[in-house]
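A quick write-up on the structure given underneath.
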Amino acid sequence: MADMTDFRRVSDDVRNWGRWGEGDELGTLNFITTEKVQQAAGLVKHGKVFPLGVDFGSSGPQGAFHFRQNPLHVMTIDGGDASTLAEYGPSWLKNPAATQLSEYWTSGPMRFNDDVIIMPLQAATQWDALSHVYYEDKLYNGFPADSVTSLGAYHCGIDKVDVKGITSRGVLLDIVRLRGVQTFCELGDPITPAELDEAARRQGVAVERGDIVLVRTGWWARFLETGNGAEPGAGLDWTCASWLHDHEVAAVAADNLMVENPMPGVDGVFLPMHMLCLRDMGLMLGEYWDLNALATDCAADGVYEFQLIAPPLRVTGGVGSPVNPIAIK
Ligand code: UVW
């Protein structure tokens with residue numbers, strides 16, 4: 001197994017600090033040029049739309065890890081309020097909200113419902129911002145780790161990438177299909193750089209500079225069958241960080257919970273690929289993306305490239321964001 005010496009050699013190789021300037025907070029999204037956005041838009045041939053986001057609700061994949069919960073969604077105004085106020089009148093509860101709502105609802109037919117959601121930004125389909133993972137007190141581009149405070153990420157927050165959309169050419173690499181497995185790639189053999197190359201070769205697609213690469217491991221399909229959000233499956237081996245670097249990829253996303261393989265490929269190091277991608281390369285990771293319908297269509301028409309549109313929310317100082325990505329062919 002690799003050790004910290006191997007890890008440090010790779011981290012030196014892939015580090016993009018200073019590549020786009022000392023103040024850069026976009027990282028590899030800099031590979032997405034105006035020409036790239038144009039090229040991606042040109043991939044829309046049929047108007048077929050594939051939403052890649054999963055449900056944000058109580059049946060989501062969280063719960064096994066005690067530090068993350070599924071979204072808590074509650075109604076704050078609903079039809080019951082309208083009926084009760086009509087029956088008991090505005091002063092029944094001595095509540096200024098009730099008084100105000102009755103003013104809206106005394107004349108005319110309009111009623112409305114409101115709701116609130118409380119959730120970790122990492123609960124379901126998401127982008128990891130560059131400030132999500134760090135080591136040795138440094139974020140991407142050498143920004144100090146303590147610039148992420150209780151007020152939010154001063155550097156490398158998700159709000160900093162808004163200028164990029166995020167949109168580019170998306171390429172699906174379907175490892176479920178490559179391995180010929182029934183539903184998902186079980187824990188055991190991590191997905192290697194050679195397999196990414198082989199998937200691209202067999203699918204007849206080239207991974208190019210500025211692409212957003214989507215890797216299908218089948219994990220989400222398995223979760224829909226079992227409801228077990230803690231079941232580990234095969235993810236990208238940590239050496240895939242070098243592959244992503246060499247291909248000058250803009251971002252990578254997968255249908256599983258952490259993109260990378262859960263078993264450490266570097267002795268004693270948890271999430272080495274997160275450390276290399278987010279902190280050293282400045283490459284964002286997307287997790288819990290539902291790639292099933294897109295993969296079915298790609299297998300049917302043999303086209304594994306598309307326009308991908310995946311803007312995060314502008315959460316001020318957020319270290320991640322929910323997203324409902326869309327692939328369009
Ligand atoms: C961690 O769990 C630290 O990261 P992620 O949610 O990106 O897998």
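The values are calculated or read from the model by the stated rules, or taken from the named source; none is laboratory data. This is a predicted model, so every value here is computed, not measured. Backbone-built Cβ (ideal geometry, glycine too); neighbour counts: all protein chains shown. Side chains are part of the model used for accessible areas, which takes the heavy atoms of the whole protein and leaves out ligands, DNA and RNA. Shrake-Rupley method; radii C 1.70, N 1.55, O 1.52, S 1.80 Å.
When the helices in the chain are scored as -39500 (n - 2.57) per DSSP H run of 4 or longer and the sum is shared across all residues, what 222 nm value do you end up with, to the nearest 500 deg cm²/dmol? Each step should come with its number before you reach the end.
On the way: 9 runs with 80 residues, N = 329.
Mean residue ellipticity, 222 nm, calculated: -7000 deg cm²/dmol.
Computed extension gain for residue 8 through residue 242, at 0.36 nm per residue and net of the alpha carbon distance, reaches 83.0 nm.
Computed with a 1.4 Å probe on the full set of protein chains, the accessible area for residue 245 sits at about 40 Å². Name the residues of segment 95-122 whose amide N is less than 18 Å from a point 7 angstrom out from the Cα of residue 84 along the C-beta direction? Residues passing the 18 Å test: 95-106, 111-116.
Per-residue accessible area (protein heavy atoms, 1.4 Å probe) orders 205, 116 as 116, 205, starting from the largest. Roll a 1.4 angstrom probe over the protein heavy atoms and tell me the percent of accessible area of segment 72-118 that is carbon or sulfur. Ligands and nucleic acids excluded, carbon and sulfur give 58 percent.
Tally the DSSP beta bridges in the chain and give the antiparallel ones as a percent, rounded to 5. Antiparallel bridges: around 65 percent, rounded to the nearest 5. Per-residue accessible area (protein heavy atoms, 1.4 Å probe) orders 102, 242, 59 as 59, 242, 102, starting from the largest.
Solvent-accessible area per residue for segment 72-118 at a 1.4 Å probe radius, Å²? Don't skip to the end; give the middle numbers.
Values: 3580 Å² over 47 residues.
Result: 76 Å² per residue.
Rolling a 1.4 angstrom probe over the protein heavy atoms, how many square angstrom per residue are accessible across segment 189-264? Present the calculation step by step, with values, prior to reporting the outcome.
Details: 2600 Å² over 76 residues.
Result: 34 Å² per residue.
Loop-only chymotrypsin sites (Phe, Trp or Tyr not before Pro) in segment 40-75, please: DSSP not H, G, I, E or B, and at most 10 other Cβ atoms within 10 Å.
Qualifying residues, ordered by number: 67.
When 91, 147 are compared by accessible area at a 1.4 angstrom probe, the order from most to least is 91, 147.
Annotation: amide H-H contacts under 5 Å for residue 265 (H modelled 1.01 Å from N, sequence separation of 5 or more, or interchain): 238. Ignoring lysines fewer than eight residues from residue 329 along the same chain, the ones with Cα atoms less than 20 angstrom from its Cα are 36, 45, 48.
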